[in-house]
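Input: a single structure, listed below in structure tokens.
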Amino acid sequence: MSEATAVGRTVRLRLLVVGGSLLLLVLLAWFATRHAPPRDYVTGIWPIGIGTGAVLLAPRRLRLVVSLAVGSTGVLAILLSDQPADLAVGYGLMSALEVWVAARVLQRRDGRRPGLRSDDDLRRYFAAAFLGGAIAATGAATTYLVDGSGDPARAALGVGMAHLASQLYLVPLFLRLPNQGAIAGPGERWAQWAAIAAGAPLLLVPDASPSLVFLVIPVLAWGALRITPLESMLQLLGVLALAVLLTSYGEGPFADVPARYGLPGDFRGILLSAFCATCAVIVIPLMLRVGEYVGAARASAAERDLVRGIVDGASGIAIIGTDPDGRITLFNPGAQQLLGYRAGEVLGRLTPMLHSPEAIRDKALELGVEDDFVAVVTALVQRGLVSAPIRFLRKDGVERTHAMTLTRLAVGGRTSGYVSTSEDITDQLDTEQALRDALETERRAVERLRGVDAVKDQFVSTVSHELRTPITSILGYLELLTDGTLGELRGPQVDALLRVQSNSHRLLSLIDDLLTLSRVAETGLRPHEEPFDLRDAVRAAHDVVAPTWDAPRVLDVSLDLCEVPLPTYGDREMVERLAVNLIGNAVKFTDDGGSVSVCVHLDPDRQESVLEVVDTGIGIPDEEQAHLFTRFFRSSLAEGRAIPGSGLGLSIAHEIVEHHGGSVDVRSRVGVGTTVEVRLPVRPGMSNIQLPLGRSTEPT
């Protein structure tokens, strides 16, 4: 069934109930006026509460229409009872206003049917009833004042009391009552019903004093406290219906009140209304209060069961509860597992049994308090320490460290007990200590390795310096020999000397690389930092490498420099060395007929100078590119082709770029070529760089 269909059925059902309520209202109102004694101001069982209920059940847009219908039923009932027309109209208008106002007070903002389940509901219920009674009293007094046929004061008292009572005991039938079940057992419920069934007729039927009939109220209150709300309401309505019927037919304790005590006839209805109102005012709040108590008890039980389930299910956490004196009242399965005691062995005993004197002493020293268990507990609670480490003593005598949180429980500002939750962290602390020891050992090893590395670097630097002087001398004498200064040499001798000279240059280049690495590691380039134009450094590097592609090599090498200066701050010699290494590698690993492109430009978005060296050389395998900046690394293709080199070029370039705050990126494909991109930060505002503007492209 669709939602629209269900809503439609609900609306039709509510309209049917509203129509039935209006019909019942007409019948009961006619009965009330028909059996009212002369000059009783229609104070019988006027059922105005049914009219309020009909308005509450009606859809919101029809409530005013239903209110007017209630007033019309009042007019009709009075006219059918041969009462004056002006009296009928006055009562009709009064009734319409009363039920509309009472329903407005009772209705909920969300449009749902009002309930009678909370203190707010009870306040609205009483407000609606007393406001309705006040409107009825005012309307009755006004009607008789205008009509001039009766005493307005007596009319106000009689009609007001009758309508108040009707609102009090009939309106709850249209509200959502508390939904708790009976507290009493079957035997008690039968006894209570028997007491009502036997006691009500005995008190209402005889012509006794009206005060005796109020003895039925304790029995009704008994039912309100112990049986279901619906049963209690049925008992209330049954007793009141009996009282009203007897009084209407001239029987019961209220019927002869005027004759017995010399009072006006209105007082039998006034006393009857007072009795009905008193019963409703006592029974309904009791019924509601029991509902709240049962609901709270159920919620408390559910919460208690939930907490108990959580506590019992926390197998890895020790939860221990105590009374204000520290005697154990709760010892969950987690505590039994972690501490080795059964709950029966510790319940009722003091919690110091779970800690050794040494553990308390150490904790007191840590907290800076007196060496006393109570002082330690007080400090933990007052400082709100969470997961504070403290040692617990297991049943087997083994001490384990727990991370404990201690909480004070208070009711009305007074301490009702304590709850501690703790978790064994001994293994965790041991692991952390072992990790700290391992880290300390590693730190010492790193320090030793750094010392060894420093000694190695110092040794390499010293040896390199010592080798550079004799190598330079050797190269000088080789030049004298090869150019014939020291005498004419034959062809084979010249070839041999040229080989020696080439290898000596290679050795000198290796020594220079080692010295460069040593300088970068030792000084970080700081002693030689100065402003310079990156274009100058790259142009100089290009000129240094240019002789290497002279004939017989055939390479297409181009140099493209941007038009504006690129101010850079750092060590120009090192940056020039960086460019020499990159351009030299590109030339060295590119076969004849290939091309090498050197480009320097500005990236304005990132404010960086970009040096890009692109070649069409042999490339680098993908799996080896992660090792490009490792010292002495040479690719498998370079070794396979026996291309000479130390494997230090890119590592030196990487060190230089990092010390200048830049970045280097290499992209390569085997057989396609390699692109090396270096980015260095631009340092604007260096007025001492004075170079002519202009774009130079220098193909070689």
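Of the residues making up the range 378-387, at least one is among the hydroxyl-bearing types (Ser, Thr, Tyr), in a helix (DSSP H, G or I), over 31 Å from the mean Cα position of the chain (by Cα) and outside the structural domain of Val307 (by TED's automatic domain parsing).
Within the range 559-573, the set of residues being surrounded by 23 or more Cβ atoms within 10 Å (Cβ to Cβ) and assigned to a helix (DSSP H, G or I) is empty. When Ala136 is tested against (1) closer than 19 Å to Leu25 by Cβ; (2) assigned to a loop (DSSP other than H, G, I, E, B); (3) not hydroxyl-bearing (Ser, Thr, Tyr), just one condition goes unmet, and that condition is (2). None of Val99, Val105, Val65, Val70 is in a helix (DSSP H, G or I), modelled with pLDDT of 85 or more, surrounded by 24 or more Cβ atoms within 10 Å (Cβ to Cβ) and aliphatic (A, V, I, L, M) except Val99. The selection criterion, being touching a residue at least 60 places away in the same chain (Cβ under 8 Å), in contact with a strand residue (DSSP E or B) (Cβ under 9 Å, 6 or more places away or on another chain) and either more than 30 Å from His163 (Cα to Cα) or not assigned by TED's automatic domain parsing to the domain that holds Gly158 (or both), holds for Asp323. Just one of the listed residues (Val281, Val311, Val369) is among the aliphatic types (A, V, I, L, M), assigned to a helix (DSSP H, G or I) and within 40 Å of the chain's Cα centre (by Cα), and it is Val311.
Here the condition is being out of contact with any helix residue (DSSP H, G or I) (no Cβ under 9 Å at 6 or more places or on another chain) and either at pLDDT 80 or above or of a type in the set (A, V, I, L, M, F, W, C) (or both); of Val11, Val42, it holds for Val11 alone. Taken residue by residue, the range 238-253 has at least one member that is within 24 Å of Phe130 (Cβ to Cβ), surrounded by 14 or more Cβ atoms within 10 Å (Cβ to Cβ) and touching a Pro at 6+ places or on another chain (Cβ under 9 Å). Taken over the range 319-367, the criterion of being polar (S, T, N, Q) and surrounded by fewer than 17 Cβ atoms within 10 Å (Cβ to Cβ) is satisfied by Thr329, Gln337, Ser356. When restricted to residues that are surrounded by fewer than 20 Cβ atoms within 10 Å (Cβ to Cβ) and out of contact with any Pro (no Cβ under 7 Å at 6 or more places or on another chain), the range 125-146 contains 8.
Would you check if Leu338 is of a type in the set (A, V, I, L, M), closer than 25 Å to Tyr169 by Cα and part of a helix (DSSP H, G or I)? In short, no.
Evaluated against (1) at pLDDT 85 or above; (2) closer than 22 Å to Val666 by Cβ; (3) surrounded by fewer than 16 Cβ atoms within 10 Å (Cβ to Cβ), Asp622 falls short on exactly one condition, (1).
Evaluate the following for Arg289: is it on the phi < 0 side of the Ramachandran plot, outside the structural domain of Gly160 (by TED's automatic domain parsing) and either surrounded by 12 or more Cβ atoms within 10 Å (Cβ to Cβ) or not charged (D, E, K, R) (or both)? Considered against the rule, which asks whether it is on the phi < 0 side of the Ramachandran plot, outside the structural domain of Gly160 (by TED's automatic domain parsing) and either surrounded by 12 or more Cβ atoms within 10 Å (Cβ to Cβ) or not charged (D, E, K, R) (or both), Arg289 comes out as yes.
Only one of Arg117, Arg154 is in contact with an Asp or Glu (Cβ under 9 Å, 6 or more places away or on another chain) and in a loop (DSSP other than H, G, I, E, B); which?
Unique residue meeting the criteria: Arg117.
Scanning the range 171-181 for residues that are among the aliphatic types (A, V, I, L, M) and buried (at least 18 other Cβ atoms within 10 Å of the Cβ) returns Val171, Leu175, Leu177.
Within the range 601-619, the set of residues being buried (at least 19 other Cβ atoms within 10 Å of the Cβ), in a strand (DSSP E or B) and over 53 Å from the mean Cα position of the chain (by Cα) comprises Val613, Asp615.
The values are calculated or read from the model by the stated rules, or taken from the named source; none is laboratory data. Only a predicted model underlies this, so the values are computations on that prediction, with no experimental measurement involved. Cβ sites come from the backbone with ideal geometry, for glycine too, and all protein chains shown count toward neighbours.
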